[in-house]
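Everything on this sheet refers to the single structure shown next.
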Amino acid sequence: MTDTTTSTAPPRGGGSATRRVSKHALLIICGVVMIYPLLWMLSSSFKPTDVIFRDPSLWPREIDLTNYTKGWTALGQPFQLYLWNSAVIAIASIVGNLLSCSLAAYAFARLEFRGRKILFAAMLATLMLPIHVLIVPQYVLFSQLDWINTTLPLIVPKFLATDAFFIFLMVQFIRGLPRELDEAARLDGCGHLGIYWRIIIPLSVPALATSALFTFIWTWNDFFSQLIFLTNPDLYTVPVALRSFVDGQGESAWGQLFAMSVVGLAPIFGFFLAGQRYLTQGLATTGLK
């Protein structure tokens, strides 16, 4: 007789489902840990200064907008002045980086010239130089040009392709574009500038948007360079202005500091949410992981 006994096999996919749940739970825990300081700062901005460190809860007992109203004019100037200064520097830096870095990237990715590989390697090597090594010669140079206490040291270098990271990012993107498009444009009478402007730039929107997003965030959050080159309070940016709320003697307006920090973070969140789709696409198509 034929044995018709069948064995019951364990359902497939049970282990993988458990792993997925564990990974999601771990990601949620890590996300909560990372976002907790931000939530605590937001909650503390609605509390009186003498209550902030005595009440660690994330939900204030009562909503108090005094920190926002007092903090807006606490430094002698409306806080909108510092927002405007940061916006001018950030927007000018975006324009400079997109223009200069895209031109440099096109040269490295499409042009054949002597020493290209050596120059590209030297450009990448500058990524390993910390700002603290460069700030002294930069300060000496800008001082001789009489640019100290102006926004020029923070803006002009951006138009000279000094950010190697964005050049590398755009080079990787442009190398992924088919050269047949260049040949077709050249047959239509386009030179290098025509190919760059009519072919490369329209197809490089994800890489350009990624560069613009990172430039905005890094420039808006830059404290060290702006502290060195800007000494006039009327030229202070948001990070430098926020430092003025902290007193070296220990008498600090923490509530007003947290309130204006929330205000200063709002443009970053808005810019990031607006460009998140391009950021994901840009990083996915440039080989950066």
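The values are calculated or read from the model by the stated rules, or taken from the named source; none is laboratory data. Small disclaimer: the values here were computed from a predicted structure and weren't measured. FYI the Cβ positions are ideal-geometry reconstructions off the backbone, even for glycines, and counts take in every protein chain you see.
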**Request:** Go through the residues of region 66-87 one by one and say whether even a single one is of a type in the set (Gly, Ala, Ser), within 21 Å of the chain's Cα centre (by Cα), part of a helix (DSSP H, G or I) and closer than 30 Å to residue 162 by Cβ.
**Result:** yes
**Request:** Would you tally the residues in region 230-264 being out of contact with any helix residue (DSSP H, G or I) (no Cβ under 7 Å at 6 or more places or on another chain), assigned to a helix (DSSP H, G or I) and closer than 19 Å to residue 41 by Cα?
**Result:** 1
**Complete:** When region 51-65 is checked residue by residue, the ones that are crowded, with 17+ Cβ neighbours inside 10 Å and either in the same structural domain as residue 236 (by TED's automatic domain parsing) or assigned to a loop (DSSP other than H, G, I, E, B) (or both) are 60
**Asked** Could you say which residue among 265, 242, 203, 193 is surrounded by 20 or more Cβ atoms within 10 Å (Cβ to Cβ), modelled with pLDDT under 95, in the same structural domain as residue 99 (by TED's automatic domain parsing) and of a type in the set (A, V, I, L, M, F, W, C)?
**Response** 242
**Complete:** Of the residues in region 117-142, those that are loosely packed, with under 13 Cβ neighbours inside 10 Å and assigned to a helix (DSSP H, G or I) number 14
**Item:** Residue among 114, 110, 61 that alone is farther than 30 Å from residue 186 by Cα and out of contact with any Leu (no Cβ under 7 Å at 6 or more places or on another chain)
**Value:** 61
**Asked** Is one or more of the residues making up region 214-229 touching a helix residue (DSSP H, G or I) at 6+ places or on another chain (Cβ under 8 Å) and either acidic (Asp, Glu) or not in a helix (DSSP H, G or I) (or both)?
**Response** yes
**Selection count where residues are in a helix (DSSP H, G or I) and surrounded by fewer than 22 Cβ atoms within 10 Å (Cβ to Cβ), scope region 155-173** = 9
**region 213-262 - residue that is of a type in the set (S, T, N, Q) and over 14 Å from residue 89 (Cα atoms) and, of those, farthest from the chain's Cα centre (by Cα)** = 249
